[in-house]
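The values are calculated or read from the model by the stated rules, or taken from the named source; none is laboratory data. Keep in mind it's a predicted model, so treat the numbers as computed, not measured. In this analysis, Cβ positions are derived from the backbone assuming ideal geometry, glycine residues included, and neighbour counts consider all displayed protein chains. Please note that ligands, DNA and RNA were not included when accessible areas were found on the heavy atoms of the full protein model with its side chains. Shrake-Rupley method; radii C 1.70, N 1.55, O 1.52, S 1.80 Å.
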There are 2 protein chains.
Amino acid sequence: MTRIDDVARLAGVSTATVSRALRGLPTVSAATRRRVLAAAEQLQYAVSPNASRLAGGRTGTIAVVVPRITRWFFGVVVEAVEDFVHQAGYDLLLHNLGGREQNRQRLLRAANLNKRVDAVMLVATPLRPADLSTLAALGLPGVTVSSGTNVPGWPCIRIDDLAAARTATRHLLDLGHRRIAHISGDPDDELAFTAHLHRRRGYQEAIRAAGLRPDPSLDVESTFDIAGGTRATEELLRRGDAPTAIFAACDEMAMGALTALRDAGLRVPQDVSLIGVDDHALSGVLGLSTIAQPATEQGRLAAKLLLDPLEGAAGASTLTDPGSPVILPTRLVVRDSTAPPRAN
Amino acid sequence: MTRIDDVARLAGVSTATVSRALRGLPTVSAATRRRVLAAAEQLQYAVSPNASRLAGGRTGTIAVVVPRITRWFFGVVVEAVEDFVHQAGYDLLLHNLGGREQNRQRLLRAANLNKRVDAVMLVATPLRPADLSTLAALGLPGVTVSSGTNVPGWPCIRIDDLAAARTATRHLLDLGHRRIAHISGDPDDELAFTAHLHRRRGYQEAIRAAGLRPDPSLDVESTFDIAGGTRATEELLRRGDAPTAIFAACDEMAMGALTALRDAGLRVPQDVSLIGVDDHALSGVLGLSTIAQPATEQGRLAAKLLLDPLEGAAGASTLTDPGSPVILPTRLVVRDSTAPPRAN
DNA sequence: CTGAAAGCGCTTACAG
DNA sequence: CTGAAAGCGCTTACAG
C-alpha cells in the first residue's frame, strides 16, 4: 500500500502539502498541485479513510435507518439518498431494522452510531423517550423522513398523512360509498412507524365530515405490508356485512387486500372499491387507485438537508426551520379499482 | 468524548489492558475484565472505529454492490446480507449502481473500496477485464451473487439460470403452446447483469428440444424492469401474429407485460399465457406463474461465505471451492397466468 | 505558499 | 496476565 509519504517523496514536497493538494485546498500553488497529483496518480495512491478520519475528526459517512428496505417506499428513499450521498463524496452505512426491536436497540447503543458517522437519517423510525436521550447525547446532526418520532433540532421531511387519508376517503365518499372500511398498521407495534396513525385519523375525519359515524367494525389493524393487507381484509369479510369500499393505509396493504377479495369471490371495483397510499411501482399494473407520494423527492431533499450543513453550504440552515416539518405534496391518482357502489 | 485512557485510569490499568478486555481477548484475568467493563459502562465509553481500524488494520466493514436496490431481488438480498453482517458486528457500506455506468466506475476507482472495507460483495454486477484487474490489485476477498462477472478466487452464489429458463419454457410447451415469445434484458447494456443471457439460452434450448425453431421475431429485448416488460410486450404485439405465451426473464418484466396485454385487450391466460422468474412478493397477488428463486438464502449464504474467512472460522475455506459456483435450487410455481392455448 | 512536528485514539509486538 | 512504547497514516495549527 502506498502511503502519503511515498507521494510526498516522489513529488519532492512534505506530506502536509500532499494532503492539501489532494484535498483541493486553495493554499497550494498550481505547479505544486500538478506535481502532487501526478505523483499520486503514478503511485495509484488512495488516502486511508481511517487515518484521514482519525486525524481530521470527520467520518465522511452518514447512517441511514429504514424499517424494511424491501418495502417500496423505503427502497426508493434509500436509492435517492444513496445517489445524493455518494455524489457528495460520503459513504452510506445502511441499517435495516427488519421489524426486530433488537436491531433498533443495537443501533442505538452508543457504539453503533457514535464516532462512526457524521450524521444520521431516520426513515419512519419510531423512538422511545430513552432513545431520544441517547441520540441527544450523541450530539449528531440528523434528519427524519416520513413520520416516526420527531427529534428536536432535526429537520423532518414528510407528506401530510392526515390530508392524504382524507383525500382518499373523500374520493370514495364522492363516488357514493357509505360503508367504507379502513385497513392499517398495528398501533401497538413498538417498531411501527406512525404514518398509519395519522392516516387512520384522516379517514375518521373524512367519514365524520360526511355526516357519518366511523364504524369500529370497519377498521381493522394488521401489519403494514402485503400479508397484513390480506389478513386484515379476511378479518373484515369474516365480520360479515362487507363494506363497499376499502381504504388501505398503503398500497402494499391494498395489494394484499386484492388477494383476499379475489379469494372471497369479490370483484374490484364492481363489488368492492379499493384505494391505497403510495403509488407503488406496481400500482399501475394492478390498476390500483391511490394517493401518490413523492418518495424519491423526500429522499433527495432529506439527503440535501443532511449534507448541506456538513459542507457548510451557504444558506444551509435557512433552507428550513428545524422546528417545522417540510411537507411534500400528494396527489390523487384514480385508476380502475374505485367506482361507484353497485346500485342495489 | 471519553477515550480509552479515561477508562484505563478509572479501572486502574493500562490502555492495552482496556483494549484487550473490551475485545474479549482471553489474556485478561476475570477480575480485571470486570473492572474494565464496569469503568467503560460507567463512562459510556465507545471505541473510536477509526482509531481502532487504523491501529488494527481491519475496517470492520464490508461493501455490498447492487444494480438497483428498488428491484425485488436486490432488495431481498440486501436485507438478508444486512442482517447477517450486523449480527457479526460488521458495518455495511451500500453501493447502488442505479443503472449508471459512471457510478460503477466511481466505485471501482481505487479510493472507493481500497482501505475502506475488509471484503466486497458484488450482486449481479458485470465487470470489464480492466475492472477485474482493478479488483485483483486491491487484493480484497469477495463474493459474487447471481450472475454478473466471475471474479477469480471469489466464491459465487447463484441459481441455474439456464435450467430455470428451460423449466419455464417447458411448462408452456407442456401446456401445448408453440408460439412462445421471450422478453428479456438488453445484452448490449454495459451495466446489464448476465442472468438474462443465460435465461435466453435456456429458452432457446427448450424450444429446440421440443423440435421447434426459435423465432427471432418472438424474442424481444428491453430493460430488465417493469417498464421494460411493458415496452417489450408492446413491441411484440406490434410485430403482429401475437404469441400464445410469453416467458419473461423476470417477474418484474412479466408484470410490465400484464399492463401491455391488458391495454391491448388480451386476457391472461385465456389469450396469452405468461410466466416469469423470481417469485416476487407480488407475484401471488397477480396470480403470476413463475420460477421461484431463493433470494434470502442467496444473500445469507453469500454473507456467510464472505465473513467466515474474515473471522477465521473453522473450515471456512472448505465450505466451498472458490472455483465452482454454489447453485441454489429453483422451483416452478404454477398460478393463474398460464393455461393451455385456446383451441382454435 | 510550504514544512516540521504534534496529535488524532487506538492496537500490537515485546518484555516481564 | 499486564504495561510501556512504538506505530497505524493521516491532518492541523504554528511558524516562516
Seminar exercise, completed: So the angle from the long Cα axis of helix B:129-138 to the longest Cα principal axis of chain B, reported in degrees to the nearest 10, equals 20
Problem set entry | Radius ratio Rg over Rh of the protein assembly as shown, counting only Cα atoms, Kirkwood formula for Rh | 1.00
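Length gain on complete extension for the stretch A:D174 to A:A136, per 0.36 nm per residue less the alpha carbon to alpha carbon distance? Write down the numbers at each step before the final one.
Details: separation 38, 0.36 × 38 = 13.68 nm, distance 4.62 nm.
That pair, A:D174 and A:A136, stretches by 9.1 nm at full extension.
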Exercise. To the nearest 20 debye, what is the magnitude of the charge dipole of region A:161-293 about its Cα centre, counting +1 on the Cβ of each Lys and Arg and -1 on the Cβ of each Asp and Glu?
Worked result: 620
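Set the Förster distance to 35 Å, then compute FRET efficiency between A:Q42 and B:E297 from the Cβ-Cβ distance, nearest 0.05.
The pair A:Q42/B:E297 has a calculated efficiency of 0.15.
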Seminar exercise, completed: Ordered by number, the residues of region A:259-288 with at least 10 Å² less accessible area in the assembly than alone (1.4 Å probe) are A:T259, A:R262, A:A281, A:L282, A:G284, A:V285, A:L286
For this session: Order B:V18, A:V47, B:V326, most accessible first, counting only protein heavy atoms with a 1.4 angstrom probe.
Result: A:V47, B:V326, B:V18
Exercise. Which value, in Å² rounded to 10, gives the accessible area of A:K115 with a 1.4 Å probe and all protein chains present?
Worked result: 50
Problem set entry | Protein-protein interface of region A:29-46, residues with accessible area decrease of at least 40 Å², isolated chain reference, 1.4 Å probe | A:A46
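How high is the relative contact order of region B:241-291, given as a whole-number percent (alpha carbon pairs under 8 Å, six or more residues apart)? All intermediate terms of the calculation are to be shown ahead of the outcome.
Details: 62 pairs, mean separation 20.7, N = 51.
The value is 41 percent.
Counting only C-alpha contacts under 8 Å and six or more residues apart, can you give the relative contact order of region B:30-126 as a whole percent?
This gives 38 percent for region B:30-126.
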Exercise. Roughly how many Å² is the accessible area per residue of the protein assembly as shown, as a whole number, for a 1.4 Å probe?
Worked result: 41
Seminar exercise, completed: Kirkwood Rh for chain A from C-alpha pairs, in Å, is 22.4
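Relative contact order for region B:191-296: what percent, with Cα pairs under 8 Å and sequence separation of 6 or more? Mind dumping the intermediate values first?
Numbers: 131 pairs, mean separation 21.7, N = 106.
It comes to 20 percent, rounded to a whole number.
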Problem set entry | Summed buried accessible area for B+A [probe radius 1.4 Å, Å², rounded to 100] | 4600
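When the accessible area of chain B is computed with all protein chains present and a 1.4 Å probe, what percentage of it is carbon and sulfur?
Values: 7320 of 14140 Å².
About 52 percent, which is the carbon plus sulfur part of the accessible surface.
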Exercise. If one takes the longest principal axis of the Cα atoms in chain A, at what angle in degrees, from 0 to 90 and to the nearest 10, does the Cα axis of helix A:195-209 lie?
Worked result: 40
Exercise. To the nearest 0.05, how large is the calculated FRET efficiency for B:S324 and B:D215 if R₀ is 22 Å and r is the Cβ-Cβ distance?
Worked result: 0.05
For this session: Report, ordered by chain and residue number, the lysines lying within cross-link reach of A:K115, taken as a straight Cα distance under 19 Å and ignoring same-chain residues fewer than 8 apart.
Result: B:K115
For this session: Be a star and scan region B:119-161 for residues whose amide nitrogen sits under 16 Å from the point 7 Å along the Cα-to-Cβ vector of A:D6.
Result: B:134-140
Exercise. Taking only Cα atoms, what is the 0 to 90° angle, nearest 10, from helix A:295-310's long axis to the longest principal axis of chain A?
Worked result: 30
